[in-house]
Amino acid sequence: MEIVNTDIPDVKILRPKKHGDHRGFFSETYNRRALIEVGIDIEFIQDNHSLSGQMGTIRGLHFQIPPFAQDKLVRVVRGSILDVAVDLRRNSSTYGKHVTVQISDAEWNQILVPAGFAHGICTLAPDTELIYKVSNYYSPQHDKGVLWNDPVLGIKWPVKVEEAILSDKDRNQPRFAELPSYF
């Protein structure tokens, strides 16, 4: 497995090996031992599967606060996304900064988003499906978010505000400046 650092080193791109022949392919998309060998020691406890039917669907920016904060390992099994991770760790040198990465079934890449980051996606193709691992269980009381298009964050989303497909929850998240110090 190839590991690539992003502009925020704690957010990593993973590229599992893909072995193909005339029958198709085989890939070990997750191997805990292989990740530990490269310094990623996270115990994932739940898999989530998400389908977004329309291109321009935005989910996020979401996170859970301690003691239910979550690391995420996200991969696309069909389609393509712009994946966004925003650093919410107050004592970090990259606090308030973000990383954007295109993740797709064609690239066969994954993104590791550690706890302490808000996470969001925008679909770049119709019928996009994600499977992602999390290191903690969902807890409604600890589920938080930040407004996806807060100008302070400066995220360049690939969709116009009026064309973005959002849940009511995501339309009404607090602005970055309104967030308490969670991490």
With respect to the cross-link table entries K18/K169; K18/K97; K72/K156; K18/K133; K18/K144; K133/K169, which display a Cα-Cα separation exceeding 28 Å? K18/K169; K18/K97; K18/K144
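Which value, in debye to the nearest 20, describes the size of the charge dipole of region 2-64 about its Cα centre when Lys and Arg Cβ atoms bear +1, Asp and Glu Cβ atoms bear -1, and nothing else is charged? Can you show the working numbers first?
Details: 8 positive and 9 negative charges, 52 e Å.
The calculated dipole for region 2-64 is roughly 240 debye.
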Which whole-number percent is the relative contact order of region 4-49 (Cα, under 8 Å, 6+ apart)? 19 percent
11 Å beta-carbon shell around Y95, net charge (K/R +1, D/E -1): +2
Mean ellipticity per residue at 222 nm, deg cm²/dmol - from DSSP H runs of n ≥ 4 across the chain, formula -39500 (n - 2.57): -1000 deg cm²/dmol
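Bear in mind these aren't lab numbers, they're just calculated from the coordinates by the rules spelled out. From a predicted model like this one, the values you see are computed outputs, not experimental measurements. Because the Cβ atoms are built from the backbone with ideal geometry, glycine has one as well, and the counts that use them run over all protein chains shown.
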